[in-house]
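A short write-up of the structure that comes next.
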Amino acid sequence: MTTHLKGLVITALGVLFVVPDSLFVRLIDGDAASIAFWRGVTAGSVILMGVLATRGPRGFSSVARTGWPGAIYTVLIASTAPGFVFAVSLTSVANVVFILASMPVFAAIFSRIFLREPISRRMVLTMMGVFAGLALIAWGSGETKGAHWSGDLVALGVSASFAAAMTAARQLRSVSMIPAIPIAFLGASLAIWPMAQPMAVWSGNWPLLLGHGAFISVSTCLLTLGPRYIASAEVALLILLESVLAPLLVWAVVGEDPGVWAIIGGAVVIGALFVSNLWALLAHRRLRNRPHPRTGPPT
């Protein structure tokens, strides 16, 4: 197996493991705070044990030395962990995953603001398509059963927070930020503990809670490892699978109809991102395959 194929397989598996995330939230019988508490505890504990087994304490000391950028990254990731659960509890799964697909747009905006990176014409066109799709999703939230603008806003906040975290991580390329993830997950669980009823939810749902944490742990590890071997555009295209498959899975298992507006708006968002990332991938391959000029005398 080539390195590129390995990256594709690992990343695709990571996406498939994250697809049932929203379904677990729907199936677990409990309030959003308690579900978010156990999601953070179970996933955070598994990843923590993995970090200790492979890196030992030095992994955490490396993250501690990153200073404010590392702290900002950890806090932002911590906010996304319960934020996803609260978003799914307040609006439809389709709305949440389609809104979360807008992360590359927020990442481009934050990179422009904080890293002074230019926004390409391709990304400007992508933003126009994505924001048009988000507007359609927001328009339909008042007409679709189970959808509500409050959950849409939470999902938008999660998308922006995750994009900001990735922007902060780009300033720390020389340091692996994986040890920050269990700190973020467990810290988020501690923060929402006063609002939760963890033992009441655990007693009747522990198999689902453990399964939920296991899926998140595996997906987090795979999606951290896989993108190291393939182009970022390929990663983005594979991650779009989650936006398509998650609503279909929830629809098939619990009968949650995403609604016409979510489907139309989601198609606009996914379509804009698909075309944009395919464009970037083809441009990357053309550049890579371009013959290099000779640097020395002919032989």
Notebook entry, point to check: Relative to a virtual label point 7 Å from the Cα of Ile264 in the Cα→beta-carbon direction, which members of the range 114-137 show backbone nitrogen distances below 18 Å?
Noted result: 129-137
Margin query: I want to verify a result. In a Gaussian network model of the chain, Cα cutoff 10 Å, which of these has the top mean-square fluctuation: Leu238, Leu115, Leu153?
Written below: Leu115
Next item on the list: Could you please rank Leu223, Leu190, placing first whichever residue has the fewest other Cβ atoms within 10 Å of its Cβ?
Entry: Leu190, Leu223
Next item on the list: Go through the range 16-30 residue by residue and turn each phi into a ³J(HN,Hα) via Karplus (6.51, -1.76, 1.60, θ = phi - 60°); whole Hz please, and just put x for glycine and proline.
Entry: 5, 6, 8, 4, x, 3, 5, 5, 4, 4, 6, 7, 6, 8, x
Note to self: Where in the chain is the longest stretch that carries no trypsin sites (Lys or Arg not before Pro) classed as loop by DSSP and with at most 15 other Cβ atoms within 10 Å?
What the structure shows: 174-293
Note to self: Test of understanding: in a Gaussian network model of the chain with alpha carbons linked when under 10 Å, which of Ala231, Ala87, Ala160 would top the mean-square fluctuation ranking?
What the structure shows: Ala231
Next item on the list: Grab the DSSP H runs of the chain that are 4 residues or longer, score each as -39,500 (n - 2.57), total them, divide by all residues and round the 222 nm result to the nearest 500 deg cm²/dmol.
Entry: -26500 deg cm²/dmol
Notebook entry, point to check: When Trp206, Trp261, Trp68 are ordered from fewest to most other Cβ atoms inside 10 Å of their Cβ, what list results?
Noted result: Trp68, Trp206, Trp261
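Would you mind calculating the gained length between Leu125 and Ala283 on full extension (0.36 nm times residue separation, minus the Cα-Cα distance), in nm to one decimal?
Computed gain between Leu125 and Ala283 is 55.3 nm.
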Note to self: Please arrange Ser150, Ser174, Ser219, Ser92 by how many other C-beta atoms lie within 10 Å of their C-beta, fewest to most.
What the structure shows: Ser174, Ser150, Ser219, Ser92
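Quick note: the coordinates plus some simple rules give every number you see, no bench work behind them. Fair warning: this is a prediction, and the values are worked out from it, not measured in the lab. Heads up, the Cβs are rebuilt from the backbone with ideal geometry, glycines too, and the neighbour counts pull from every protein chain shown.
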